[in-house]
Amino acid sequence: MVKTGLIQTSTPDPGSDENSITRIRVVTAIGLVLLWEVVASLGTVGILYDDVVPHIWNIIIAIYEELVSSSFYRDLGITFAEHIVGFIVGSIIAIFLGIWMGTSPLLRGALEPYLNAIGSTPKIIFLPILFLMFGTGIESKMAKGSLSAFFPVVFTTTLGMVLINPVLIRVGQTFNLSKWQMITKIYMPAMVNPVITGLRLGMAITVIGVLVAELKFADGGLGYRLGIYYEQFRIAPMYAIILIIFALAAAANVGMTRLQDRVNRHMAPTTTKGKKAQASASGGLGVVATN
């Protein structure tokens, strides 16, 4: 009598992977803190980086003093306004131009060389021109933010349009859709993910552009505050501002990543069991996460 049986195969446990990742992150954070304290202690005794690397508790105290200071929120509001206005204006212009270039090979061929040349140029060289055109107030920082946000968004939008599945385009042409209907019913749904990726990049680069402009010439903002602490050699408050900027930028990136993950899950194909296939901003649909 022949006996039949089932061959059992082990499958990886997602929960154990998550636990391992969490442990690695915690150990890494603890290791970085300990290394920082070692360098700070060496600086205290004059061996390495004299007082350039303060102790962690000094930075924590400086962060607390910033958070209870009214002038900090004034500078935070200035930087926030410059970033939001610059990001929105630059992104809107970039999306419309990217859609236009994606649907018009003639326009794309004419503008691509200029956009590639300017896009690969450090935008800081345009600061003197922006200061002359908009003055040294908040308007020039908004313009710098718009310039910084424009290029990553226009490139990803155009690329998203060009890489749309040709089958979808032929289906729209078969139904004799107008150019506007092609954009709203074919192009826009297919390019949501690339556009959000471009917005993530644009948001991060806008922060850099605004802070650089504030460091150069400003009378308010987090970049201005950072520059003042550097000139006065107030090291702990300087690190406090750096960490606050890092935390705000990381929170914004997490928000955009979750938005992208939600869009990916909504657009993911349905499996045979009626469940949505999982996708994330860093994978699933082929999108590489970039900071």
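Just so you know, all these numbers are worked out from the coordinates, no wet-lab data involved. All of these numbers come straight from a predicted model, not from anything done at the bench. Cβ atoms come from the backbone with ideal geometry, glycine included; neighbour counts cover every protein chain shown.
If you add up the charges near Gly77, with Lys and Arg at +1 and Asp and Glu at -1, over every other residue whose beta carbon is less than 15 angstrom from its beta carbon, what do you get? Working shown, then result.
On the way: positive: Arg74, Lys141, Arg225; negative: Glu66, Asp75, Glu82, Glu214, Asp219.
Once all neighbours under 15 Å are counted, the net charge is -2.
Shown for Trp36, Trp57: other C-beta atoms within 10 Å of each C-beta, ranked fewest to most, produce the order Trp57, Trp36.
State the answer as a single residue: which of Ile241, Thr184, Val210 lies farthest towards the positive end of the charge dipole of the stretch 60-267, with beta carbon charges of +1 for Lys and Arg and -1 for Asp and Glu, about the Cα centre. In the stretch 60-267, that residue is Thr184.
In the neighborhood of Gly145, defined by Cβ-to-Cβ distances under 12 Å, what is the net charge if each Lys or Arg adds +1 and each Asp or Glu adds -1? Intermediate results must be reported in sequence, preceding the final value.
Values: positive: Lys123, Lys141, Lys144; negative: Glu82, Glu139, Glu214.
Residues close to Gly145 contribute a combined charge of 0.
For the stretch 60-267, the tally of Lys pairs with Cα-Cα distances below 21 Å comes to 5, considering only residues 8 or more apart or on different chains.
Hey, if you put +1 on the Cβ of every Lys and Arg and -1 on every Asp and Glu Cβ in the stretch 60-267, which of Ser120, Asn253, Gly198 ends up farthest toward the positive end of that dipole? Of the options given, the answer is Gly198.
Put a dot 7 Å past the Cα of Thr174, heading toward its Cβ, do the same for Val192, and the two dots end up 2.3 nm apart. Legend: ranking of residues Val207, Val212, Val45 from fewest to most surrounding C-beta atoms inside 10 Å; resulting order Val45, Val212, Val207.
Rounded to the nearest 20, the Cβ-based charge dipole of the stretch 60-267 about its Cα centre (Lys and Arg +1, Asp and Glu -1) stands at 760 debye.
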